[in-house]
Amino acid sequence: MIDDGARAVARRLTLQYLGASTAILAASGLLGVLLRWSQAVPQARVGDNFWYAMMTAHGLGTFVGWAAFAVMGLSWWILAGVGFPTRGFGLVMARATWWLMVVGVAGVVVTTLIMGFGASWVFLYPLPFFGSGEWGAWATGLFSFSVLLAGLAIVTWCFGILHTVANREALHAVSANVFRRLGISLGWGYLMPRTFATNPKPVPYAVIPLAVIGIDMIIATLPLAGLLVWQILESAGWVGSADILLAKNILWWFGHPVVYLLLFPAVAAYYWLIPRYAGRDLVAGHVIAIAWTVAVIANVLVWAHHIYLDYPDGTLQAQINTAMQPMTFSLVLPSALSLYSLGFTIYRSRFRWTPASTALFFGLVGWLLSGLSGVVNATIALDVAVHNTLWIVGHFHHMAMLNIGLLIFGAAYALLPELTGKALYSERMAWVHVWTTFVVGMLVFGLWLVQGLDGAPRRFSVLPSSYDTITRISLPLVFVLAAAQLLFFWNVFQTVRGKAGVATFDERGIPEPAKGGRGWSAPAAEAGLVLAALVLAFAFAVGGYLVGRERAGGVATVTVPTETGGAAAGDPARGKELFASSGCGGCHALADAGAAGNVGPSLDGNPRLTEELVVARVTNGLRAMPAFGDRLSEEDIADVTAYVLQSAK
Amino acid sequence: MSQTAIIITVAYGIAVVIGSAISIAIWRSTTRPLQEDRTWAWSRRESAWLIVVLLALFALLMGTIFYVPYGESAGPNKQVVRVTGVQYAWAVDAPAGIRAGTPVEFLVTSTDVNHGFGLYTSGGTLLRQLQVVPGKTQTLVHTFTKPGVYEVLCLEFCGAKHHAMVATFEVKPA
């Protein structure tokens, strides 16, 4: 056991991380609602680039700023709970992490929502340098710098975690050798008790996944940091272009392990909390240490399953991708064994069902179901049908919200009383929040799986109209899901304000419902069910109304106003040069310019050509036609127009 | 839906039903807690579970790994179609037209950023897809069985008009 001073340090760290990440959830979750709303309702449609900028902020905000940040914070309290104090160098790292993460996320918000950087959270090189005039070099440089700060936050967290888990005293390690101590924290004492000797007890299971991810995220993040530094230098004009395929590999070298930056600390929390509610030790064989040893190696050798469909001629990518299917399959082991252990820990135990433990249990169900859809993605022959469709979006929302998210909510309900000393404000509110999040979340994210199997592409601000029906059905569900989160925020807020008095705990350390707190009365429960049914019915009715109106053709088409003022008669000779240099001939046929493109309409023999139409299309674009209004001046466009009108036959 | 998508739907549907049944069984089991402690036996059986999982994964691996789309060959009797992606358009260059029944070798490239070549029927079924890396060429072989109009959508996010990067082409009868 560790002393009160060390517990106070860990408590403060965890509360700081949880507080900041919960605030980030509120902001970036709202962005998520706006994204689906804009897709579903034509009248609510935001500008395309703003949609993608929101998507970028939502992705980084919820994934890194909320989910990762929150489980990173829980880790300090878990480690304290199993006897590992955070101190010295580890504490410095833990504090640095908080500041780096908060400043990094703030930078992401500014560069996306204000400066318009909309290259998505994967900022697939070289897209940050091809902003189509929507964002410039400054935005790219500052965005890269902000993400670099968040990346450094991950690295400092890893150093803090490794410093904490290698604590000789807490490990009861016989050897003082740092590598032996790390080996013990990876669970190798279960496999080789003589080499990785401890006296008397072996490492607590909750430490193992933290040690694993602490090592892996350092390996995974450093190359990405290099790429980000390169992007900063390139945006300042100091270096040239990087190798595109290499950059893609570097991105996913980080992009896969960062998913486990959410999962592995979450597993540590499950290992620690589920036994408490079950009233028995974690049911685990020594074999679980084998799974984690596989994890620490395989986690950094599976990145290419994100680029299964990249196999350019003359590269080794196809071979690398094929090798990574079995490697990815091996990563099923830690999940399969952990779910076995946690499932049997609950099975026929005296499990205490509270909102907290129910959220944890639902989190395990979410883990199982999202793991199974992950196996589909891991299989090349199946990935071809779902790659970059909304199936992927459904898969990772299942993972992030219904596994990690529910774990964070469950841990908050379970631990806020011992972290703050204050009783949970309302058990009833927590019950509604947990059940609604799981049930409605399953529906919202399940609809993405359905749309993806139907071929709906991901990252489309405007989906092809054949997907509109399901998008509109999902919108009211998204609102219900968001409304349920308001209960969480309010409950936490009131708890921290001490509205329900001082926390008390039962003999297992489980917080008891607040004294004088109102439990469920049968009429209240029935009223709640009736209200929920009415809200859902109303929501579906609104969805049905919108679908019906769309089918009846009653929706006004949103047209972009054209600006034609000031287009004086241009200079056709200059226009001819601009026609060639702007690449117009890549898509359009115009015999005079030697252009035979067949993507867009032919300009020769086109009866619709008028000065007004050409100026409008070139300036604003239409469907596949890019807008040139931000690349060409009004005079340029007038020149091109004059040339086209003069030479088209 | 493509055939692969149907396979996924069925397989995932079955997996979800089994997974849900197990979850509900574990949930309900806590209403009749065990009097004696049997957890040591379950701990020991975890090794058996490991072997079951390994065998299942090995079976799935062997059943799927030979269906990777890499290194496709169209054979000597082919139609070559060059496709170039740019922000935000596709240039589909098939001077002789495209006919059903004969393998088509799509040589796909990009001149600016990463794109995704998504080949759809006009009814919205995703037939094939691959990634397009700037400056490199990637090959996709597909034999159209039915004549008609087909669509190309961009399946890798490429900027503000990504969703509008659509092209259509016609496949003529054999």
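The values are calculated or read from the model by the stated rules, or taken from the named source; none is laboratory data. The structure displayed is predicted, hence computed values, not measured ones. Positions of Cβ are backbone-derived with ideal geometry, glycine not excepted, and every protein chain shown enters the neighbour counts. To get the accessible areas, we keep the full protein, side chains included, count just its heavy atoms, and leave off ligands, DNA and RNA. Shrake-Rupley method; radii C 1.70, N 1.55, O 1.52, S 1.80 Å.
General remarks:
- The stretch A:34-94, accessible surface, carbon-and-sulfur percent (1.4 angstrom probe): 72
- Projecting label points 7 angstrom from Cα along Cα→Cβ for B:L107 and A:L443 puts them 5.2 nm apart.
- The mean count of C-beta atoms from other chains within 10 Å of the C-beta of residues in B:39-45, rounded to a whole number, is 6.
- Relative contact order [Cα under 8 Å, 6+ residues apart], the stretch A:1-159, whole percent: 30
- For chain A, calculated [θ]222 nm from helices alone, where every DSSP H run of n ≥ 4 adds -39500 (n - 2.57): -21000 deg cm²/dmol
- For the stretch A:190-298, convex hull volume per residue from C-alpha positions, Å³: 130
- Reported to the nearest whole Å, the Cα centre-to-centre distance from the stretch A:599-649 to the stretch B:1-62 is 60.
- Whole-Hz Karplus values for the stretch A:404-411 come out as 5, x, 5, 4, 5, 5, x, 5 Hz, taken residue by residue from phi with 6.51 cos²θ - 1.76 cosθ + 1.60 and θ = phi - 60°; glycine and proline positions read x.
- In Å², nearest 10: area of A:E507 left accessible to a 1.4 Å probe: 150
- Entry note, chain A: relative contact order of 11 percent, from Cα contacts under 8 Å with a spacing of 6+ residues.
- Amide H contacts under 5 Å for B:V80, placed H, 5+ residues apart: B:E105
- Summary of the geometry: the stretch B:77-131 and the stretch A:37-112, compared by the centres of their Cα atoms, lie 39 Å apart.
- The heavy atoms of B:D93 present about 80 square angstrom of accessible area, all protein chains included, probe 1.4 Å.
- Taking amide H as placed 1.01 Å from N in the peptide plane, the amide H of B:F144 sits under 5 Å from that of B:G101, B:T102, B:V104, each at least 5 places away or on another chain.
- Peptide A:46-56 is shielded by partner chain Cβ atoms: per residue, an average of 2 of them sit within 10 Å of its Cβ.
- Two-decimal Rg to Rh for chain B - Kirkwood Rh, Cα set: 1.19
- Cα radius of gyration and Dmax for the stretch B:91-141 (Å): 11.8, 33
- Solvent-accessible ranking of A:W238, A:W391, A:W490, largest area first, probe 1.4 Å: A:W238, A:W490, A:W391
- Amide N proximity, the stretch A:619-649 versus A:A591 label position 7 Å along Cα-to-Cβ, cut-off under 11 Å: A:648-649
- Take the Cβ atoms of A:A106 and A:S581, set R0 to 60 Å, and the FRET efficiency comes out at 0.90.
- Close amide H contacts of B:V132 (hydrogens built in the peptide plane, cut-off under 5 Å, sequence separation of 5 or more or a different chain): B:H115, B:G116, B:F117.
- Gyration tensor over alpha-carbon atoms, the protein assembly as shown, equivalent ellipsoid semi-axes in Å: 50, 29, 27
- More than 17 angstrom apart: percent of Cα pairs within the stretch B:1-55: 65
- B:I7 contributes an accessible area of around 90 Å² to the protein surface, as traced by a 1.4 Å probe with all chains present.
- Inter-site label distance for B:A56 and A:A573 at 7 Å from Cα along Cβ, in nm: 7.6
- The aspartates and glutamates whose alpha-carbon is closer than 20 Å to the alpha-carbon of B:K172, local same-chain residues fewer than 8 away aside, are B:D93, B:E105, B:E151.
- Degrees separating the helix A:207-235 axis from the principal Cα axis of chain A, which is the longest one: 30
- For the stretch A:208-262, the fraction of alpha-carbon pairs in successive 10 Å shells from zero, as %: 24, 43, 23, 9, 1
- Linear extension gain, B:E170 paired with B:T31, 0.36 nm per residue minus alpha-carbon span: 43.7 nm
- Peptides A:271-280, A:463-472 ordered by average Cβ neighbours within 10 Å, highest first: A:271-280, A:463-472
- Taken about its Cα centre, chain A carries a charge dipole of about 2640 debye when Lys and Arg each add +1 at the Cβ and Asp and Glu each add -1 at the Cβ.
- A Förster radius of 25 Å combined with the Cβ-Cβ distance from A:Q319 to A:L222 puts the calculated FRET efficiency at roughly 0.50.
- For the stretch A:1-84, the Kirkwood estimate of hydrodynamic radius, built from reciprocal distances between every pair of different alpha carbons, is 14.4 Å.
- Number of partner chain Cβ atoms within 10 Å, mean per residue of B:5-12: 6
- Ellipsoid equivalent to the stretch A:329-405 - semi-axes via the Cα gyration tensor, in Å: 28, 15, 7
- Rel. contact order, % - alpha carbon contacts under 8 angstrom, at least six apart, the stretch A:411-510: 52
- The angle between the Cα long axis of helix A:4-40 and the longest principal axis of the Cα atoms of chain A comes to about 30 degrees, rounded to the nearest 10.
- Put simply, the Cα atoms of the stretch A:78-151 extend 54, 18, 18 Å along their principal axes, the longest span coming first.
- Helix B:39-64 axis, angle to chain B major axis (alpha carbon atoms, nearest 10°): 20
- Projecting the alpha carbon convex hull of the stretch A:62-201 along each direction and taking the average yields 10.0 nm².
- Mean-position separation - Cα centroids, the stretch A:341-363 and the stretch A:379-430, in angstrom: 16
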